[in-house]
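Q: I am attaching a structure below and will ask some questions about it afterwards.
What follows is calculated from the coordinates using simple rules that are stated; it is not laboratory data. In this text, all values refer to a predicted model and were calculated from it rather than measured experimentally. All Cβ positions, even for glycine, are placed from backbone atoms using ideal geometry, and neighbour counts span all protein chains on display.
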Amino acid sequence: GESVGLHLPTLSVQEGDNSIINCAYSNSASDYFIWYKQESGKGPQFIIDIRSNMDKRQGQRVTVLLNKTVKHLSLQIAATQPGDSAVYFCAETLFSGYSTLTFGKGTMLLVSP
Amino acid sequence: ETGVTQTPRHLVMGMTNKKSLKCEQHLGHNAMYWYKQSAKKPLELMFVYSLEERVENNSVPSRFSPECPNSSHLFLHLHTLQPEDSALYLCASSQDSDEKLFFGSGTQLSVL
């Protein structure tokens, strides 16, 4: 079946570095993509989203890039901070009236001071 | 705070017990969801309620029974669970015009 997966299970960076978390998706019909951050003991928290009619979207210190040709999604975090340490999930969907997000397994981001 | 509150935060139960998980959302949304999060597995969608009607049930065993009395409240009734049901159970809500989910902090369930 269709799935969303991540290339790197763990990413370790130094404080102040830029981080890039990658995600491959297989459903070419998906028209909405989203990134979540999950800290220990908490539920997933929305970071940024993007629709398939866009290639790039920027938020505060975060940028999502969508490459539909190779079905690839990435999350870039600028000037990574220790508070960014968490598991990051990508998810995709083709909207059907209520949310039917398909989630990837997640990437653990570890930021060293 | 995300506006989605789950209780209890932690639950330990035996296989013969009956317990319920509660979720309440204060966001004015009209769709609510139960997800299961196990170690090393993607989030698994269990149930979806849209406008208080169950619209999706992803082959979940009958020992899990959802209830949605109104658009703000969602329950997951548990009975005769198995140890492999131990996981983090997450509730989420959304507006039916939006794909974005808002999650609660989850209930960490341990079945002994």
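Q: Under the Kirkwood approximation applied to all pairs of distinct alpha-carbon atoms, what is the hydrodynamic radius of the range A:1-99 in Å?
A: Details: mean 1/r = 0.0714 Å⁻¹.
That comes to 14.0 Å for the range A:1-99.
Q: Using only the C-alpha atoms of chain B, find the volume of their convex hull and express it per residue in Å³. Write down the numbers at each step before the final one.
A: Working: hull volume 10.6 nm³, N = 112.
Normalising the Cα hull of chain B by residue number yields 95 Å³.
Q: As I understand it, the dipole of the range B:28-112 uses +1 on the Cβ of Lys and Arg and -1 on the Cβ of Asp and Glu, about the Cα centre. Which of B:His77, B:Leu51, B:Ala87 lies farthest toward its positive end?
A: Farthest along the dipole direction, towards plus: B:Ala87.
Q: Another question about this same structure. When DSSP beta bridges are limited to those with both residues in chain A, what percentage is antiparallel, rounded to the nearest 5?
A: 90 percent
Q: Treating only the Cβ of Lys, Arg, Asp and Glu as charged (+1, +1, -1, -1), what charge dipole size does chain A show about its Cα centre? Round to the nearest 20 debye.
A: Charge dipole of chain A: 120 debye, to the nearest 20.
Q: Can you pull a Stokes-Einstein diffusion coefficient for the range B:64-112 at 37 °C (0.692 mPa s), Rh from Kirkwood over Cα pairs, as a whole number of µm²/s? Show your work: numbers first, answer last.
A: Numbers: Rh = 12.5 Å.
For the chosen part, D equals 263 µm²/s.
Q: Looking only at the protein assembly as shown, where both bridge partners belong to it, what percent of the DSSP beta bridges are antiparallel (to the nearest 5)?
A: Of the beta bridges lying entirely in the protein assembly as shown, close to 90 percent run antiparallel.
Q: Moving on to the next point. Once you average over the residues of A:104-111, how many Cβ atoms of partner chains fall within 10 Å of each Cβ?
A: 1
Q: If you take every residue apart from A:Thr63 with its C-beta less than 9 Å away from the C-beta of A:Thr63, what net charge results, scoring Lys and Arg +1 and Asp and Glu -1?
A: Values: positive: A:Lys56, A:Arg57, A:Arg61; negative: none.
In short, +3.
Q: Something else: Hey, which of these cross-link pairs are over 24 Å Cα-Cα: A:Lys42/B:Lys19; A:Lys68/B:Lys36; A:Lys56/B:Lys40; A:Lys56/B:Lys36; A:Lys42/B:Lys100; A:Lys42/A:Lys68?
A: Cα-Cα > 24 Å for A:Lys68/B:Lys36; A:Lys56/B:Lys40; A:Lys56/B:Lys36; A:Lys42/A:Lys68; rest within.
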